[in-house]
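Enquirer: Starting off with a structure, shown below.
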Amino acid sequence: MSFRQMYEEKYMRFPQGKQKALSFSYDDGVKADKRLVKILDGCGLKGTFNLNNLLFDCENWHGRMDEEDTYKTFYGSGHEVAVHGARHIFLDKVPLAEAANEILQNRLYLENKFKKIVRGMAYAYNGYNDRIIEMLKTLGVAYARTTDSTHSFGLPENWLKLNPTCHHADAEFKNLADRFFGGSPDNEFKHREPWFFLVWGHSYEFDDNNNWHIIEDFAKRAAKAEDVWSATCGEVCDYCAAYENLVFSLDGERVFNPSHIHVWIEIRGKFY
C-alpha cells in the first residue's frame, strides 16, 4: 500500500480561488464620502458606508450630507450602506430597549430608502458590550464593526465583534499594506487560512489632514493586485457564512453546498 501524505487540511478561498480579500468601512455619511467613492470606483474597489438617518440636517458636524445627497451618492452605487445608529449614540450607555430602537429605526430607514436588505453595521463611538452583541442577534444584524485594530489579516471568530485591520492613519498602515500585497498565505507554515484586510475611518479626516494621497495610493495599489478580492463587509460576511455551512462527508471526500453562493476551497494544493 502506497503512503498517502497527510495534507488533508481544507482552506476557504475567495472567489476564483483568491486567498486575500479587501474591504473599506467608512462612517457617518459625510460629503467627503463622494470623493472616496470616486477613488474606489476608479480602482474597481468596493466600500461599506455606515449611515445615521436622523442626522441629515447636521452639516456642521464634519460636513454630513443631507438626505438627497446621501441617496444620490450611494443608491445603485455597488457600495454597501450599513447601520451606524439613527442618532450616532453610545449603545452601551442607554437602556437596552433604547439601544434596540436606535438600531431598528436606522435599519428600517436604510432598507426602505435603498431598497435592499441591510444586515451590517458599525458601532458608533465603538460603544458595545456583551449585552449589545446578544441584542443584535435578535435584530437580524449579521456583523458589526468595531474600531479595535488587530494589525492582522485574520477573519473574525465573532462577526458581531468585527475588528478591523487598522485605521487608514495608523502608523502601521503602510507596513501592513506592504505585507498584504507582497505576501501570501502560501508563505505561512501550516496555517494557510485566507487573509482579510479591513480598513476603517472617516473620509472627512482626509480633508482635515490634507492627506488624500494615503487612500489614493493604497487604492491604486489594490487595483493592481490580481490575487485580492475586493468586496463589501457584507459580501465577505455572507461568503464566510456560506463556507461555514458546507456539509462534508465523514471521510472529507464529498462536499455539498446548500447555499446560492458559489464557494471556493483549497484541498491538497488544488482549488475547487
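The values are calculated or read from the model by the stated rules, or taken from the named source; none is laboratory data. All figures in this text were calculated on a predicted structure; none of them were measured in a lab. Heads up, the Cβs are rebuilt from the backbone with ideal geometry, glycines too, and the neighbour counts pull from every protein chain shown. Remember, those area values only see protein heavy atoms, side chains included, never the ligands or the DNA or RNA. Shrake-Rupley method; radii C 1.70, N 1.55, O 1.52, S 1.80 Å.
Enquirer: Starting from residues that are farther than 23 Å from residue 205 by Cβ and of a type in the set (Gly, Ala, Ser), keep the ones in region 169-185 and report whichever is most open to solvent (accessible area, probe 1.4 Å).
Expert: The selected residue is 182.
Enquirer: Give the residues of region 113-141 that are in a helix (DSSP H, G or I) and either in contact (Cβ under 8 Å) with a residue 60 or more places away in the chain or not aromatic (Phe, Trp, Tyr) (or both), sorted by residue number.
Expert: Scanning region 113-141 gives 113, 124, 126, 130, 131, 132, 133, 134, 135, 136, 137, 138.
Yes/no matrix, rows are residues, columns are (1) farther than 29 Å from residue 11 by Cα; (2) surrounded by fewer than 17 Cβ atoms within 10 Å (Cβ to Cβ):
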residue	(1), (2)
68	yes, yes
71	yes, yes
75	yes, yes
80	no, no
115	yes, yes
118	no, no
128	yes, no
153	no, no
159	no, no
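Enquirer: What are the residues in region 132-156 that are within 19 Å of residue 106 (Cα to Cα) and among the charged types (D, E, K, R), if any?
Expert: Matches in region 132-156: 134, 137, 145.
Enquirer: I'd like the residue in region 216-272 that is in contact with a Leu (Cβ under 7 Å, 6 or more places away or on another chain) and among the polar types (S, T, N, Q) and, out of all such residues, is least open to solvent (accessible area, probe 1.4 Å).
Expert: 230
Enquirer: Where in region 1-93 are there strands (runs of 3 or more DSSP E), lying wholly inside it, with at least 3 residues that are under 16 Å from the mean Cα position of the chain (by Cα)?
Expert: Output list reads 20-27, 47-51, 80-83.
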